[in-house]
Every structure is written in structure tokens, then in C-alpha cells.
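Since the structure comes first, as C-alpha cells, the remarks are kept for the end.
The values are calculated or read from the model by the stated rules, or taken from the named source; none is laboratory data. This one's a predicted model, so the numbers in the text were calculated from it and none came from an experiment. For neighbour counting, all protein chains shown are included, and Cβ atoms are generated from backbone atoms with ideal geometry for every residue, glycine included.
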Amino acid sequence: MLYQKLGKTDIEVSRIAFGAWGIGGGNVWSDLTVDAAHVGELLDQASDLGINYVDTAPVYGIGTSEKILGKALKGRRERFIVQTKCSLNWRNEGGQFEYERDGYIVNRDHRAQAIRKDTEESLLRMELDHIDVLVVHRVSSVVPVQETMEELQKLIKEGKIRAVMLSNSTPSDFREYSRFGIVAGVQEKFSLLNDAKREYFETCGTYDAVFQVYGSLEEGILAGTKVLNSVYGEGDIRSKSKWMKEPYRTGLLQMKEKLDPLCEKYSCSYANLVQAWTLAQNDKINLLTGFRHKETMNDTCKVLDLCVDKEDLEYMTKCRDDVRELTL
Ligand SMILES: NC(=O)c1ccc[n+]([C@@H]2O[C@H](COP(=O)([O-])OP(=O)(O)OC[C@H]3O[C@@H](n4cnc5c(N)ncnc54)[C@H](OP(=O)(O)O)[C@@H]3O)[C@@H](O)[C@H]2O)c1
């Protein structure tokens, strides 16, 4: 395993982080329900592989992911940097409507009292005395950033959290939040298919912040043929992806056929090849990947030993351009 400093903090994290959205299940990850014993086994394997960084959020399964993770962390807490999020809640106490999921209305709220409640509720759900990293799940366009950041700084002083990151944000948000305290990094969607957030690389370099990617496998769509050949219920996150619709789905199956010889050349899985492309884009990348199975976690860790030649990376970019240029 490789490790990196979490921005300007003294926290050291593994380059691969364990994403715990899927363990929240519900209609959103509808094909598997897991319990705390299973997540405990995943955590044990994570530490065996050197992974010390786990990410969840209150809204993952509407509290379920945090609750299961908290139970699974019993007796294992000191081995992990635990990261959760704030700013999205289903308390019906105001804020702006964000989405309806699993029968709950989720609002976005960055007022000081909301950020504090989010944090205290996460601590209770996970039965922890502190959270290592608190990510602002979606940034605000309504509440002054100063109000949110001042509350986050108070939570740091009180020992309830250690570091702050932003998600679903822009470099301009980053600069604004950084005026009121250290932002250790950002967590942004980034994949072979969707790499618009490379606009962030320069800012992360300037501020010495970590660029943590999520969705590098597009929720499994880029991990092989299994997801592309499956049909999911309406609420499932994979059924909402544009890449599951024609002509993209067929385009992605064809892209895999074109890239299969590279998997043979490098003796790696297709998921490894795709994630190696992601890691090659910037040296500050932290690869947050969702796992519900030991096999996928084990396989993903192999990507750190993989070095794909420049011309092969360029060929991959060209193949994905062909898919992106398809029109509905
Ligand atoms: N900040 C945000 O707004 C935001 C949004 C989305 C996600 N996230 C975070 O980012 C994490 C990762 O994103 P994600 O889970 O949506 O998508 P992802 O990491 O792109 O894909 C996860 C899926 O890929 C599969 N997978 C992982 N490694 C594999 C491998 N080597 N071979 C084959 N399949 C593999 C997993 O399988 P199994 O499940 O079968 O093990 C899982 O179904 C989430 O868990 C969450 O913590 C944050």
C-alpha cells in the first residue's frame, strides 16, 4: 500500500480508501444487503491490505451505512481514519430541497446549527467520540461560507472532528472555504468517462490538498460486463446512470472489447486498467472505491503496482472519446 498526507494535516491515509456507500443498501444499492459482521470482515481485510481510510455519509442508506460501519468498527477503531459528511439531512428542519431517496426528503443545510446536528448525529450513529475527517457533502449557495466554516473550526477545537474537506465543489468554492480554515482536500467525481474535475488539479497543487476521487468505476459500470448486462430497479443508482442507456451501454461493451488486449498485456483486471488511467492523471489522487466484497477490494489494491505505458493511456482516452461522442 502507498500512503499520503491528508493535505496540510498530520493525518496519513492510504492511497486507496474504502467507500461505504454500498453497505447502506436500500433501493439505491438494491442487489445486496450486508450486516455488521460482513463489514467487520471487509475492515479486517482492508487493514491486511494496508487500507486505513474509510468513507461514509449520513445519507448513505439514510443512516444505515454509518450505523453498520460504527458496529463493525468496534474493536477496530484505532486502525482507521473515519470520514463522514455533513450538510445533507432528512430532519425536515429547513434548508433547500436536494432529492427524495428511499422515501425520505433530503435537504441541503449549511447553517451552523445544522452542521453541528449532522456531526452529533453521526457520532451517535457510529458510537464514536470523534470523526477524523468531516466532508461538506455538497457546498452551499445560500448560507455564507463563513458561518459554516466557523462552526467546523469550533468542532475541531472541541475535538469532535480533526479535519475538513469539501465535495461536489469547484476551485472557486475551495478558495472561499479556505479563507476561514484549512481544507485538507476535495472529494470529487472523476473517471475515465467523466474527468471534468481535472480543473481542480492546479488548486489542489497550490493548496497542498488531496484530490480524492469517487466513482472512478462509475458504480461498477466500468468494472467489466456484469453491471452493464444487468437490469436494476428504478431507485437503484446504476439504473439512473446515462451510461446504462443506449447507445452508451453498447458503446461501453465495445470499448471493453477494444481494451481487453491491454488487460492481457498487463495481466490485470479491466477495473485495474480503468483505475490505472485515473491514477495516472495526477499524483495527488486518492482513490476512493466502493466495496461490498472482499474480492473487489483485493483486486483494486493491485492497481498500485500497475504502470500503464503512455501510448496505452492515450489509446484508452481515444476509446472513451468514441463512447462520449455517441448521442442519445
Ligand atoms: N461525495 C459524493 O457525493 C459521493 C458520491 C458517490 C460516492 N461517494 C463515495 O465514493 C465511494 C465510491 O463510489 P461508488 O461506490 O459510487 O462507485 P465506484 O467506486 O466507482 O464503484 C463501486 C462498485 O465497483 C465495484 N468494484 C470495486 N472494485 C472493483 C474491482 N476491482 N473489480 C470489479 N468491481 C469492482 C464494487 O463492487 P462490490 O460492491 O461488489 O464490491 C462496487 O459495486 C462511495 O462508496 C462513497 O463512499 C461520494
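Quick notes on this structure:
- Close pairs from the stretch 58-76: first in contact (Cβ under 8 Å) with a residue 12 or more places away in the chain, partner crowded, with 24+ Cβ neighbours inside 10 Å and hydroxyl-bearing (Ser, Thr, Tyr), Cβ under 8 Å, at least 6 apart: Pro58/Thr84; Pro58/Ser122; Ser65/Thr56; Glu66/Thr56; Glu66/Tyr60; Glu66/Thr84; Glu66/Ser122; Leu69/Thr56
- Which listed residue is within 12 Å of the ligand (Cβ to nearest atom) and farther than 26 Å from Glu120 by Cβ, from Ile16, Ile23: Ile16
- Taken over the stretch 291-318, the criterion of being surrounded by fewer than 16 Cβ atoms within 10 Å (Cβ to Cβ) and polar (S, T, N, Q) is satisfied by Asn298, Thr317.
- Unique match (being under 16 Å from the mean Cα position of the chain (by Cα) and either modelled with pLDDT of 95 or more or assigned to a strand (DSSP E or B) (or both)) among Gln281, Gln275: Gln275
- Condition check for Thr278 on (1) touching a helix residue (DSSP H, G or I) at 6+ places or on another chain (Cβ under 7 Å); (2) among the polar types (S, T, N, Q); (3) surrounded by 16 or more Cβ atoms within 10 Å (Cβ to Cβ): one failure, at (1).
- No other residue among Lys265, Lys245 is in contact (Cβ under 8 Å) with a residue 40 or more places away in the chain, closer than 22 Å to Asp31 by Cβ and away from the ligand (no atom under 15 Å from the Cβ) apart from Lys245.
- Qualifying position, being under 30 Å from Arg138 (Cα atoms), near the ligand (Cβ under 9 Å from one of its atoms) and either of a type in the set (Phe, Trp, Tyr) or not in a loop (DSSP other than H, G, I, E, B) (or both), among Val303, Val323: Val303
- Here the condition is being modelled with pLDDT of 95 or more and within 12 Å of the ligand (Cβ to nearest atom); of Ser47, Ser65, it holds for Ser65 alone.
- Wholly within the stretch 162-254, helices (runs of 4 or more DSSP H) carrying at least 1 residues that are farther than 30 Å from Glu150 by Cβ: 237-240
- Condition check for Lys67: under 14 Å from Glu127 (Cβ atoms) and not in a loop (DSSP other than H, G, I, E, B): yes
- Which listed residue is aliphatic (A, V, I, L, M) and crowded, with 24+ Cβ neighbours inside 10 Å, from Ile81, Ile68: Ile68
- For beta carbons closer than 7 Å, sequence separation of 6+ or different chains, a first residue in the stretch 1-16 that is among the aromatic types (Phe, Trp, Tyr) and a second that is surrounded by 14 or more Cβ atoms within 10 Å (Cβ to Cβ), the qualifying pairs are Tyr3/Val13; Tyr3/Ser14; Tyr3/Arg15.
- Single condition Leu288 does not satisfy, out of (1) surrounded by 16 or more Cβ atoms within 10 Å (Cβ to Cβ); (2) part of a loop (DSSP other than H, G, I, E, B); (3) within 10 Å of the ligand (Cβ to nearest atom): (2)
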